[in-house]
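Structure first, then comments.
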Amino acid sequence: MEQAIAETVALRCDENGRGEPLILLHGSNADRRQYANFMPLLGEGIRAIATDQRDSPDSPCAPEPYSMADHAHDLAHFLDERGIDRAHVFGASYGGAVAMTFAILYPDRVKSLILGVTGSERSRFHAPDLSALRNDDPDAVRRFMMEAVISPEAIDNEPDLVAEINDVLLIREPEAFARRAAAIEAHDMTARLGEITAPTLVLAGEHDPIAHASEAREMAAAIPGARFEMLADSRHGITLQHRERTAKMVRNFVLANGREVAA
């Protein structure tokens, strides 16, 4: 077990539904609100739980460094507090790095794993150091993320979606940005992907400029028995634009690996 470099942090969450417990882990520049309009699409039979990560407004932490392993330990503590022994885990982008780390460190607690628009190491995230960008121009972070997560056509023609993303996008303080940037810089699970034992689904956006679909396919091939699916015409924001398709894939995978199959 990787040792924590920071104390565990209590995480706030939002829930929707009853049934198979499904943890939803948000991206770097968001918090649990990323999944507000996604959770209802998962339908009956799923208890969707969108959690914050440390350094979110409602889940603060001490101003000290932390790692992906610390995020994983936070999640284990979160499950303990709620009496959840095993759960399905879906992480998008930065949340996908947390999810795969959790699955490797806590294999007995993962019923199924869904990795969305993510990478197994920092070099697989094709994005600038947003903590440095934030210090220079916070509006540049918004522009970069908007153009990365949804299509140019959506930016021009879907004002409600643009407004939602602007609301969800979280511009953290520079110090918090830097801590999260350091955690993703140190992220490297490529050599350990073969240790993942949970049924795994890897989701990629066809036109994702941050987590390239070709590299996601390679990651899936390194995980025993993993399935790869590419969302046509999607960019990085698969839980925002085209979320109906993503929710359907997630729902089907969770239920296929739920109690009724294991019994």
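The values are calculated or read from the model by the stated rules, or taken from the named source; none is laboratory data. Quick caveat, the model's predicted, so the values are computed rather than measured. For neighbour counting, all protein chains shown are included, and Cβ atoms are generated from backbone atoms with ideal geometry for every residue, glycine included.
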Which residues, taken from the stretch 8-17, are part of a loop (DSSP other than H, G, I, E, B) and out of contact with any helix residue (DSSP H, G or I) (no Cβ under 6 Å at 6 or more places or on another chain)? A10, R12, G17
Members of the stretch 77-116 found to be touching a residue at least 60 places away in the same chain (Cβ under 8 Å) and small (G, A, S), listed by number: A87, G91, A92, S93, G95, G96, A97, A99, A103, S112, G116
Please enumerate the residues belonging to the stretch 148-182 that are in contact with a Pro (Cβ under 8 Å, 6 or more places away or on another chain) and either surrounded by 15 or more Cβ atoms within 10 Å (Cβ to Cβ) or at pLDDT 90 or above (or both). A148, L170, I171, R179, A182
Test result for R82, surrounded by fewer than 21 Cβ atoms within 10 Å (Cβ to Cβ) and closer than 26 Å to S120 by Cβ: no
If we keep just the residues of the stretch 18-35 that are out of contact with any helix residue (DSSP H, G or I) (no Cβ under 6 Å at 6 or more places or on another chain) and part of a strand (DSSP E or B), which is surrounded by the most Cβ atoms within 10 Å (Cβ to Cβ)? I23
Within the stretch 58-86, tally of residues that are part of a loop (DSSP other than H, G, I, E, B), closer than 17 Å to A176 by Cα and acidic (D, E): 2
Going by the structure shown, is L170 at negative phi, touching a helix residue (DSSP H, G or I) at 6+ places or on another chain (Cβ under 6 Å) and touching a residue at least 60 places away in the same chain (Cβ under 8 Å)? no
Just to be sure I understand, how many residues within the stretch 65-84 are more than 21 Å from D188 (Cβ to Cβ) and among the acidic types (D, E)? 2
When every residue in the stretch 36-57 that is modelled with pLDDT of 95 or more, of a type outside the set (A, V, I, L, M) and not in a loop (DSSP other than H, G, I, E, B) is compared, the one surrounded by the fewest Cβ atoms within 10 Å (Cβ to Cβ) is P40
Residues (without any contact (Cβ under 8 Å) to a residue 60 or more places away in the chain and in contact with a Ser or Thr (Cβ under 6 Å, 6 or more places away or on another chain)) located in the stretch 223-262: I223, A226, H242
Would you say D137 is free of Cβ contacts under 8 Å to residues at least 60 places away in the same chain and either more than 18 Å from R33 (Cα to Cα) or in contact with a Pro (Cβ under 6 Å, 6 or more places away or on another chain) (or both)? yes
Qualifying positions in the stretch 84-94 - within 8 Å of the chain's Cα centre (by Cα) and either closer than 17 Å to E15 by Cα or of a type in the set (F, W, Y) (or both): F90, G91, Y94
